[in-house]
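First up is the structure itself, then whatever we jot down about it.
The values are calculated or read from the model by the stated rules, or taken from the named source; none is laboratory data. Here the structure is a predicted model, which means the values were calculated and not measured. Cβ sites come from the backbone with ideal geometry, for glycine too, and all protein chains shown count toward neighbours.
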Amino acid sequence: MSVSQPLTRWAVAALLLLVATARAAAQDYPTHPITLIVPFPAGGGVDAVARIVADKLSHALGQPIVIDNRGGAGGVIGTRLAARAAPDGYTLVMAHTGTTSINPTLYANPLYDPRKDFTPIGLISSTPIVIMAHPSFKPKTIGDVIALAKSAPGKLNIGTPPMGTGGYLSAELFKATAAIDATIVLYKGTGPLTNDLLGGQVPIAFNVMAPAMGNLQAGTLRAIAVLGPQRSSLLPDVPTAAESGLPGFEAVLHYGLLAPAGTPAPVVARLNAELRKAVQSDDVVARIHADGGDMLLSTPAAYTADIDQEERKWSALIKKLGLRVE
């Protein structure tokens, strides 16, 4: 007993010291710039949301937040890089449904586990996938698109962002649901996809609204359907897929902020508190809305539950369709 008691007191003292040190570090945090990895090219939907939030957080935290675009492999490369970063709060990653709930099943070896390798900070927003087309594309409704595809199997080219994105997977789901044979043309990001859609190199695309919002409103691109549970207030005349004859056909992406696993709880709490303030601010709400999204609020625990729920939904689809990227 005479040996164990001093050891126990030493262990308790060491634990208290660690807790005090972590709290002190959180109070001082951040003391230098923060890197926010965006695992997609600049100009896309994920990048747009990241820049909205980074600007607001940098003012709240008193330190610059540097955007680091690391596109490739449907978000796998940048997300993997973030998973290996030091868990000190100075490297964060912009996540969305594709990187947290699609890639782990779609890719044979993504080399990261969203549950084990990350600590969720909080949700930011949601946005539906939109079926959009070049103005010269003759079909006006989903039914018209299906009829065209069936009249010439394999001839219709559908543009999407990379594998692992909601745009890509919703196009695959569309093919399966409508029982059509169409060719999916993959792009490195939503920016290049939008450019080719504007140029008519690809006639129709499945993509998030943000990169094409100005073109959709100006009429240089045309929306065929919104894949959300209800119509978008920004495109009130565009029907949902359910209204167009495909009930239950929905694809809505959730965006959020993650930190490497092991990031101190006080730092996570600070980031979550500032993120919630940022997401609720009038200018951020207006910007998210202008890009076709809706603001979301959550605790770290609620974001963890959201990742689990979305993963169950999308992984079941991926397995049903037999999709796999080696």
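Select from the range 197-222 the residues that are buried (at least 16 other Cβ atoms within 10 Å of the Cβ) and part of a helix (DSSP H, G or I) and list them in ascending order. Lay out the reasoning, then the answer.
Within the range 197-222, the first condition is being buried (at least 16 other Cβ atoms within 10 Å of the Cβ), and the residues that meet it are 197, 202-213, 215-216, 221-222.
The answer is LEU197, ALA210, PRO211, ALA212, MET213, ASN215, LEU216.
Do you know which residues across the range 117-141 are charged (D, E, K, R) and either touching a helix residue (DSSP H, G or I) at 6+ places or on another chain (Cβ under 7 Å) or part of a strand (DSSP E or B) (or both)?
Filtering the range 117-141 for residues charged (D, E, K, R) gives 117, 138, 140.
Answer for the range 117-141, where residues must be charged (D, E, K, R) and either touching a helix residue (DSSP H, G or I) at 6+ places or on another chain (Cβ under 7 Å) or part of a strand (DSSP E or B) (or both): just ASP117.
Identify, please: which residue in the range 248-268 is among the aliphatic types (A, V, I, L, M) and in a strand (DSSP E or B) and is, among those, farthest from PRO139 (Cα to Cα)? Full working, then the answer.
Our first condition is that a residue be among the aliphatic types (A, V, I, L, M); within the range 248-268, this holds for 251-253, 257-259, 261, 265, 267-268.
Still in the list and also in a strand (DSSP E or B): 252-253, 257-259.
Working: VAL252: 23, LEU253: 26, LEU257: 38, LEU258: 40, ALA259: 44 Å.
Looking at the filtered set, the residue picked out is ALA259.
Would you mention how many residues in the range 1-51 are β-branched (Val, Ile, Thr), at pLDDT below 90 and surrounded by 15 or more Cβ atoms within 10 Å (Cβ to Cβ)?
Step one: of the range 1-51, the residues β-branched (Val, Ile, Thr) are 3, 8, 12, 19, 21, 31, 34-35, 37-38, 46, 49.
With at pLDDT below 90 added as a condition, the list becomes 3, 8, 12, 19, 21, 46, 49.
From the residues that got through so far, the ones that are surrounded by 15 or more Cβ atoms within 10 Å (Cβ to Cβ) too are 46, 49.
Selection size over the range 1-51: 2.
Do we have any residue at all in the range 233-247 that's part of a strand (DSSP E or B) and either assigned by TED's automatic domain parsing to the domain that holds GLY154 or closer than 24 Å to ASN69 by Cβ (or both)? Steps first, please.
Keep residues of the range 233-247 that are part of a strand (DSSP E or B), which gives 240.
Of the ones still in play, those that are also either assigned by TED's automatic domain parsing to the domain that holds GLY154 or closer than 24 Å to ASN69 by Cβ (or both) are none.
No, the conditions are met nowhere in the range 233-247.
Determine whether ALA225 is modelled with pLDDT of 95 or more and either in a strand (DSSP E or B) or among the charged types (D, E, K, R) (or both). First the steps, then the outcome.
Working: modelled with pLDDT of 95 or more: yes; either in a strand (DSSP E or B) or among the charged types (D, E, K, R) (or both): yes.
Criteria met by ALA225.
Please enumerate the residues belonging to the range 284-301 that are among the small types (Gly, Ala, Ser), surrounded by 15 or more Cβ atoms within 10 Å (Cβ to Cβ) and modelled with pLDDT of 90 or more.
Across the range 284-301, the qualifying residue is only SER298.
Can you pull out the residues in the range 181-192 that are in a helix (DSSP H, G or I) and farther than 16 Å from HIS96 by Cβ? Steps first, answer last, please.
If we filter the range 181-192 for residues that are in a helix (DSSP H, G or I), which is where we start, we get 190-192.
The one that is in a helix (DSSP H, G or I) and farther than 16 Å from HIS96 by Cβ: PRO192.
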